[in-house]
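Only one structure is covered here, and it is reproduced in the block below.
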Amino acid sequence: MRSISGYIFSGLLLLCLLPSVYGQDTLRTYGPRIGINLAPFVGFFTDPQVLGAEASLDFELFPNLYPVFELGYSSMADSIDEVSYHSGGGYARLGIDYNFLDLKDRSQHHAITAGFRYGSSIFSHRAENITVESDYWGDYFIDSYENTLNGHWIELVGGITAEVAKNFFIGWSVRYKILLNPDMDPQMVPLLIPGYGDGSLNRVFGFSYSVLYKIPIIKK
Amino acid sequence: MKYVVLLLTLLLLLPSCATQDVCDDDNQAYMVTKFKTIEDDGLIGDTILSGMTIYGIREGKADSLLYDSISMSKAVLPLDPNNDITRFVLSNGISMDTVILTHSSEVYLINYTCGFGSRFSLEQYTSAWDWILELELREGKIDAELDTDEEHLWIYF
């Protein structure tokens with residue numbers, strides 16, 4: 001098994017040598033790419049409403065290999081019978097995408113990717129007006145229950161990104177998410193883990209639809 | 001491209017875990033007590049007691065019977081979520097005893113269809129020992145979701 005430093009070295013070597021080896025007359029643009037995920041805005045129309053926003057940052061560090069960082073916030077409020085429930089907080093995902101699309105023209109940056117993410121969210125959730133009815137002993141009532149939690153999950157991601165104008169992209173992805181700590185709150189399972197979804201499900205699907213801009217820094 | 005198609009196909013094959021929730025009639029926690037006896041040969045056996053009457057001791061409230069003069073081999077008893085102690089009086093018309101249970105409790109979300117329920121942790125259990133010979137704890141965690149074969153306390157007469 002080769003060491004990570006070996007990969008990094010050979011990756012850097014490839015990055016330097018590729019243009020000269022193949023003698024391409026087209027140049028590829030490299031730079032940090034910033035994206036806004038528009039998918040969370042769909043939550044505005046769902047019941048219950050889930051409000052959120054998400055941005056991403058990626059960079060083609062090695063040929064066809066894109067480390068990705070995603071940052072977001074989301075919150076929701078709902079009522080379960082007479083109980084009012086609220087959950088909200090921030091999240092971050094770190095991962096990598098690999099581009100399978102082998103384009104002859106290096107100046108084109110369209111991509112079909114597969115990758116993974118590790119996601120983590122720090123959030124709090126709260127329920128108010130909790131009643132457990134008991135005809136015999138009398139109803140049990142508590143004003144509120146609140147807990148601050150840290151959720152962890154991993155995602156398998158498949159996506160397509162198209163460069164629609166110079167340095168401007170649209171991209172979509174489908175995500176299969178696996179919750180790593182479903183028992184984070186044994187007393188109240190979170191209805192929303194920001195960045196993940198319904199905490200009562202150990203596996204969920206998600207999707208993203210992003211508009212992205214790449215800041216052109218290097219051409220080679 | 002074929003890798004992506006393959007990947008997406010594999011993902012869709014993985015099971016999704018949506019469940020259909022069926023709720024109980026109520027969200028109280030019930031303790032299941034089973035009546036036992038020690039046979040002449042020393043073995044433990046089930047026993048059916050006739051004319052059994054059971055009620056809980058409720059502070060500041062009139063007694064209200066949970067069971068009224070019936071033959072039974074087990075009793076399903078609601079625990080008091082408003083106190084740390086629940087007391088039940090058991091009687092068959094001839095003998096009488098009181099079971100005293102000390103517990104802690106909390107509410108928990110059963111699921112989003114059924115709402116919140118009670119969950120108890122039994123800490124101490126004793127009786128006045130007027131009639132009951134022994135109490136044997138089988139399961140100290142008692143919650144609103146009762147399984148059919150769940151038994152929490154054995155009462156020896």
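The values are calculated or read from the model by the stated rules, or taken from the named source; none is laboratory data. Since we're looking at a predicted model, the values are computed, not measured. Heads up, the Cβs are rebuilt from the backbone with ideal geometry, glycines too, and the neighbour counts pull from every protein chain shown.
This table checks each residue for (1) in a loop (DSSP other than H, G, I, E, B); (2) at positive phi; (3) at pLDDT 95 or above; (4) facing chain A (nearest Cβ under 9 Å).
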| residue | (1), (2), (3), (4) |
| --- | --- |
| B:8 | no, no, no, yes |
| B:17 | yes, no, no, yes |
| B:21 | yes, no, no, no |
| B:40 | yes, no, no, no |
| B:58 | yes, no, no, yes |
| B:63 | yes, no, no, no |
| B:89 | no, no, yes, no |
| B:98 | no, no, yes, no |
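Listed here are the strands (runs of 3 or more DSSP E) enclosed by segment A:45-144 that have at least 3 residues being out of contact with any Ser or Thr (no Cβ under 7 Å at 6 or more places or on another chain) and polar (S, T, N, Q): A:111-132.
Residues that are surrounded by 17 or more Cβ atoms within 10 Å (Cβ to Cβ), more than 18 Å from residue A:185 (Cα to Cα) and hydroxyl-bearing (Ser, Thr, Tyr) within segment A:119-166 comprise A:134, A:140, A:161, listed in sequence order.
Taken over segment B:100-131, residues that are crowded, with 18+ Cβ neighbours inside 10 Å and away from every other protein chain (no Cβ under 14 Å) amount to 3. Scanning segment A:204-220 for residues that are of a type in the set (Val, Ile, Thr) and either facing another protein chain (nearest Cβ under 10 Å) or closer than 20 Å to residue A:90 by Cα (or both) gives a single hit, A:204. Within segment A:48-72, being under 16 Å from residue A:115 (Cβ atoms) and touching a helix residue (DSSP H, G or I) at 6+ places or on another chain (Cβ under 7 Å) holds for A:62, A:63. When the test is whether a residue is of a type in the set (A, V, I, L, M, F, W, C) and more than 10 Å from every other protein chain (Cβ to nearest Cβ), residue A:116 passes it.
For the structure I just gave you, tell me whether residue A:99 is within 13 Å of chain B (Cβ to nearest Cβ) and over 30 Å from residue B:88 (Cβ atoms). So residue A:99 fits the description; yes. Within segment B:45-64, does at least one residue satisfy the condition of being touching an Asp or Glu at 6+ places or on another chain (Cβ under 6 Å), without any contact (Cβ under 8 Å) to a residue 24 or more places away in the chain and not basic (Lys, Arg)? Yes, because at least one residue in segment B:45-64 is touching an Asp or Glu at 6+ places or on another chain (Cβ under 6 Å), without any contact (Cβ under 8 Å) to a residue 24 or more places away in the chain and not basic (Lys, Arg). Comparison of A:100, A:116 shows that the only residue that is surrounded by 15 or more Cβ atoms within 10 Å (Cβ to Cβ) and in contact with a Leu (Cβ under 6 Å, 6 or more places away or on another chain) is A:116. Scanning segment B:125-157 for residues that are in contact with an Asp or Glu (Cβ under 6 Å, 6 or more places away or on another chain) and basic (Lys, Arg) yields a single hit, B:138.
Scanning segment A:204-219 for residues that are of a type outside the set (A, V, I, L, M, F, W, C) and part of a strand (DSSP E or B) yields A:206, A:208, A:209, A:210, A:213, A:214, A:219. With respect to (1) facing another protein chain (nearest Cβ under 9 Å); (2) surrounded by fewer than 15 Cβ atoms within 10 Å (Cβ to Cβ); (3) modelled with pLDDT of 90 or more, the lone exception for residue B:3 is condition (3). Candidates A:107, A:84, A:79: the one that is surrounded by fewer than 18 Cβ atoms within 10 Å (Cβ to Cβ), touching a Lys or Arg at 6+ places or on another chain (Cβ under 7 Å) and not charged (D, E, K, R) is A:107. Quick check: is even one residue across segment B:68-87 out of contact with any Phe, Trp or Tyr (no Cβ under 7 Å at 6 or more places or on another chain), surrounded by 11 or more Cβ atoms within 10 Å (Cβ to Cβ), touching a residue at least 60 places away in the same chain (Cβ under 8 Å) and closer than 21 Å to residue A:134 by Cβ? There is no residue in segment B:68-87 that is out of contact with any Phe, Trp or Tyr (no Cβ under 7 Å at 6 or more places or on another chain), surrounded by 11 or more Cβ atoms within 10 Å (Cβ to Cβ), touching a residue at least 60 places away in the same chain (Cβ under 8 Å) and closer than 21 Å to residue A:134 by Cβ. When residues in segment A:124-160 are screened for being over 16 Å from residue A:180 (Cα atoms) and in contact (Cβ under 8 Å) with a residue 60 or more places away in the chain, 4 of them pass. When segment B:114-148 is filtered for residues that are part of a loop (DSSP other than H, G, I, E, B) and within 11 Å of residue B:34 (Cα to Cα), only B:138 remains. Of all the listed residues (A:201, A:191), the sole one being within 7 Å of chain B (Cβ to nearest Cβ), surrounded by fewer than 19 Cβ atoms within 10 Å (Cβ to Cβ), more than 15 Å from the chain's Cα centre (by Cα) and in a loop (DSSP other than H, G, I, E, B) is A:201.
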